[in-house]
Every structure is written in structure tokens, then in C-alpha cells.
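Student: For reference, the structure I am asking about is given below.
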Amino acid sequence: MKTRMWTRGRTLSALMLSALLLVAAAVGLSAGAAAAPGAPPSAQIQGAPIAVPPDAACALDVATNTRTCDLWALPGMLSLPDGVSVPVWGFTDNISGTAQVPGPVIRANVGETLEIVLHNEIPGQDVALAFPGQEMIPDLVGVAAGSSATYSFAVNQAGTFPYEVGLTLGGARQVAMGLYGALVVEDPLAIPSWDQEEILVFSELDPA
């Protein structure tokens, strides 16, 4: 089994109550494992089941080799394993969806152009997207609430990377509120050497 992991660490207040958030996206269940048809895998955190966000719904234009994904940044609520509900900001790939923390897993292949259309629905916040590990011009302004913008870059390196908001005045707080996710880039010419894949996203929340 091969495990891909991205760990986000931040130094927060000593009064912080932290939560471990895990995304597990199984693309090939090994022998003996079973799942209901159409049901996403689930994770256990301190004995509490947590729904796993599915991969983002993206469309590939074969003629231009461009993969386009829509992300909505929304306010929402998240229930922690201890029963406490906290306000969050999260991503979803559906205009009628709810905020997910972490956001949907974005997948692309080496050689494609990836277009992410960001729809900002968080009142009073300018939101920018950043893709660490990718070659692109950083957005220092962001997208105003109620507006949309497209981020486009060539995908040249296979691996697992984060995507997150950032580089605006409110970027650090927006990340702490839950606006981040995982980007998985596959090499279509590589032969997989595993039969199960787990994507783990570790982070922490401050309920204050």
C-alpha cells in the first residue's frame, strides 16, 4: 500500500482545542475490503465516523487537454468528534453543496492544463487560491465576495500537493478557518505499484 500524505502545521494559542481532520480517498480497494456501491469511504477519528469528501467533479476537454474544476468557497458548520460544532469556511464543488473541510480532492494528469474556477461566496472576504509546488503567478488581490475568477497552470510534476487560500490580507485566517484541500497529480505513463491509495490531510482547528 502506498500512502500519500500532506501535513499542515501551525503554531496557535495554548488555549487551542485542536481537531485532527483526515481525508481518505480509496481509488482501489484491496482484496477483502468492501464498500456499498456509490458510498464514499469513511474515516474514524476518536471513534467518531467522518464523511470523506469525494474527488472534485472536473471536466476534461480532450481537444485542448485542459481539465476544468469549479470550487465554491462557502461558510458552514463542522461537527467535531467531541460533539462541538464550530463555524468554518470550506470548499465544495457543487453550487448547492455545503462547505467541506478539507475541500474536495482535485485530480489531474501530468501534461494537462488545470483550470480552477473559484466562486467566492464568503461575505466580506476577498479570497485567493494558491497551489504550492506549481508554477503560476501568485494572486495578491483575490476574488471579491459574490464574484468568480479562473486560475490556470500547466501540470508538469506528479505528486500530492496542497491547495489553499492565501497571499491576501485575510489569507492566514482563511486557511485556519478551513479553506484548503489536496491536489493529486498522476503520471499516466507510470505503472501503479499499489492496490490501495489513502490521502491524509492533517490540520488543526481553533474553536475560538
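The values are calculated or read from the model by the stated rules, or taken from the named source; none is laboratory data. Not measured: the values here are computed from a predicted model. Here the Cβ positions follow ideal geometry from the backbone for every residue, glycine too, while neighbour counts run over all protein chains shown. Remember, those area values only see protein heavy atoms, side chains included, never the ligands or the DNA or RNA. Shrake-Rupley method; radii C 1.70, N 1.55, O 1.52, S 1.80 Å.
Student: In the range 157-178, what residues are in a strand (DSSP E or B) and in contact with an Asp or Glu (Cβ under 6 Å, 6 or more places away or on another chain)?
Tutor: none
Student: Any residue at all in the range 167-175 that is open to solvent by 20 Å² or more (accessible area, probe 1.4 Å) and without any contact (Cβ under 8 Å) to a residue 24 or more places away in the chain?
Tutor: Yes, that holds for at least one residue.
Student: Oh, and also: Taking the range 108-160 as the search range and keeping residues that are of a type in the set (D, E, K, R) and in contact (Cβ under 8 Å) with a residue 24 or more places away in the chain, which one is nearest to G97 (Cα to Cα)?
Tutor: Per the stated criteria, the residue is E121.
Student: Within the range 37-57, how many residues are open to solvent by 40 Å² or more (accessible area, probe 1.4 Å) and either over 30 Å from Y151 (Cβ atoms) or at pLDDT 90 or above (or both)?
Tutor: Of the residues in the range 37-57, 8 are open to solvent by 40 Å² or more (accessible area, probe 1.4 Å) and either over 30 Å from Y151 (Cβ atoms) or at pLDDT 90 or above (or both).
Student: Of all residues in the range 77-103, count the ones that are open to solvent by less than 30 Å² (accessible area, probe 1.4 Å), assigned to a loop (DSSP other than H, G, I, E, B) and either under 19 Å from E164 (Cα atoms) or touching a strand residue (DSSP E or B) at 6+ places or on another chain (Cβ under 6 Å) (or both).
Tutor: Of the residues in that region, 5 qualify.
Student: Related question: Among the residues of the range 94-114, write down those that are more than 14 Å from the chain's Cα centre (by Cα), closer than 28 Å to F202 by Cβ and either modelled with pLDDT of 95 or more or not hydrophobic (A, V, I, L, M, F, W, C) (or both).
Tutor: G97, N109, E112, L114
Student: Somewhere in the range 110-133, is a residue on the phi > 0 side of the Ramachandran plot, out of contact with any strand residue (DSSP E or B) (no Cβ under 6 Å at 6 or more places or on another chain) and not basic (K, R)?
Tutor: Yes, the range 110-133 has at least one match.
Student: Please determine, by comparing only the residues of the range 135-166 that are charged (D, E, K, R) and open to solvent by less than 60 Å² (accessible area, probe 1.4 Å), which one is farthest from the chain's Cα centre (by Cα).
Tutor: D139
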